[in-house]
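The values are calculated or read from the model by the stated rules, or taken from the named source; none is laboratory data. Since the model is a prediction, treat every value here as computed from it, not as a measurement. Note that each Cβ is placed from the backbone with ideal geometry, even for glycine, and that neighbours are counted across all protein chains shown. Keep in mind that these areas ignore ligands, DNA and RNA; they rest on the heavy atoms of the full protein, side chains included. Shrake-Rupley method; radii C 1.70, N 1.55, O 1.52, S 1.80 Å.
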Amino acid sequence: MQRTNDFFLRHAWAPIALGVLAATAVTWLLFPGNSLLATALRACLYSVAGVVVVMSRRRKEKNAAGGSTDRLIALEHSLRTGEPPTAPEDRRALREIVERRLHQGRHRVAALVFLAVLFTAVTVLTGLTGITAGLPRTIALAALSALFLAWTAWNSNRQTHRLHTMRTALHTDEAPAGPGPA
């Protein structure tokens, strides 16, 4: 799993491409009337804003980490394992990344509620208008929506807990315990 995480951190295009492929597959399965190419182009177009946000955020985190992708990967590994780095400059960089991520996620509960309302409204309207040509597709859309919302809430809570734990570790131990005076 560590190698996969490192690959996705090193190559920012890979998770974006996988997301577009997944969106294309789900959309094409739910709405098979369009060609696969048209569905893929639509998914790419809708993903442009997300790509801009992700790349901007990654650039800022890379700058906070010292401008190196390898250093960002090392700091991300420290965050995933829960072990604060020992070097003072790495601790400062990770502290900045943690604070930035906590600040960016401060409205996560409101965003999750908005997503739940949005997915519920789309599912209900789809079922009422018959856009997807029947009950089975409406049920599939409702199931996918519920699964996605549950995974999003779980992942959000997990990441926020991880960030709070690291912030506590970085602030309680300003300097890592090293060998005492000889």
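Taking the helices alone, the chain has a mean residue ellipticity at 222 nm of -28000 deg cm²/dmol, built from -39,500 (n - 2.57) per DSSP H run of at least 4 residues and averaged over all its residues. Overall, the accessible surface of the chain at a probe of 1.4 angstrom is composed of carbon and sulfur to the extent of 69 percent. A Gaussian network model of the chain, with springs between Cα atoms under 10 Å, assigns the largest mean-square fluctuation among GLU89, GLU61, GLU99 to GLU89.
Label sites at VAL54 and VAL26, each approximated as a point 7 angstrom past Cα along Cα to Cβ, lie 1.4 nm apart.
Extension gain, LYS62-LEU37: 0.36 nm per intervening residue step, less the Cα-Cα distance, totals 5.5 nm. Here the relative contact order of the chain, from alpha carbon pairs under 8 Å that lie six or more residues apart, stands at 22 percent.
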